[in-house]
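Report on one structure; see the data block that follows.
The values are calculated or read from the model by the stated rules, or taken from the named source; none is laboratory data. Predicted, not measured: the structure shown is a model, and the values here were computed from it. Positions of Cβ are generated from backbone atoms using ideal geometry, with glycine treated the same way; all protein chains shown enter the neighbour counts. To get the accessible areas, we keep the full protein, side chains included, count just its heavy atoms, and leave off ligands, DNA and RNA. Shrake-Rupley method; radii C 1.70, N 1.55, O 1.52, S 1.80 Å.
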Amino acid sequence: MLSRSAIATYSWLPLFGRLRCSVGVIREGQLVLVIDRSDGRGLSFPGGFAMPWETAEQTMKREVSEETGLRVKHSTKLFEYRSSVDVPVALAVFAVEAEGELKDSWEGSPRWLPFTDIRSRLLPSQKEIVDRLL
């Protein structure tokens with residue numbers, strides 16, 4: 001409930017301009033790791049909002065660890081884009097190789113799903129990632 005209220009408020013009144021975000025795309029063959037979100041908003045790639053002092057890559061590494069329990073071994077920035085679908089964001093997308101044991105977090109549960117099957121349940125602001133990578 002809080003998440004939906006905050007999104008609605010910020011999309012109406014974006015006090016800080018575009019928020020910087022980063023996500024990691026972790027693939028295993030035809031599968032991709034997504035978070036089945038606990039706020040009921042569907043699926044998302046592991047990632048989130050940047051702290052003011054973080055680079056895009058630091059944000060992605062922290063968020064992947066927090067949301068999945070995995071440690072990023074290697075990452076490559078694929079692209080960056082802007083979206084205003086939910087709230088105004090500048091979103092950096094990384095291809096990620098990670099290791100470790102998957103763990104749930106308060107934000108949701110990590111799930112391996114076929115890359116071609118996630119778009120309909122993905123956060124609206126992240127659908128462009130699937131469109132660019134398919």
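For segment 81-106, which residues satisfy the criterion of being assigned to a loop (DSSP other than H, G, I, E, B), modelled with pLDDT under 95 and open to solvent by less than 80 Å² (accessible area, probe 1.4 Å)? Scanning segment 81-106 gives S84, D86, V87, P88. All conditions but one from (1) surrounded by fewer than 13 Cβ atoms within 10 Å (Cβ to Cβ); (2) more than 16 Å from S22 (Cα to Cα) apply to R111; the one that does not is (1). For segment 60-80, the set of residues classified as out of contact with any Phe, Trp or Tyr (no Cβ under 7 Å at 6 or more places or on another chain) and either at pLDDT below 95 or more than 16 Å from S105 (Cβ to Cβ) (or both) consists of K73, H74, F79, E80, listed by residue number. If you go through segment 5-28 and keep only what is surrounded by fewer than 12 Cβ atoms within 10 Å (Cβ to Cβ) and at pLDDT below 95, you end up with S5, A6, W12, L13, L15, F16, G17. Working only within segment 54-67, note down all residues that are more than 17 Å from V89 (Cα to Cα) and assigned to a loop (DSSP other than H, G, I, E, B). Listed by number, the list is empty, since nothing qualifies. Among the residues of segment 115-134, just one is open to solvent by 30 Å² or more (accessible area, probe 1.4 Å) and in contact with a Leu (Cβ under 6 Å, 6 or more places away or on another chain), namely R121.
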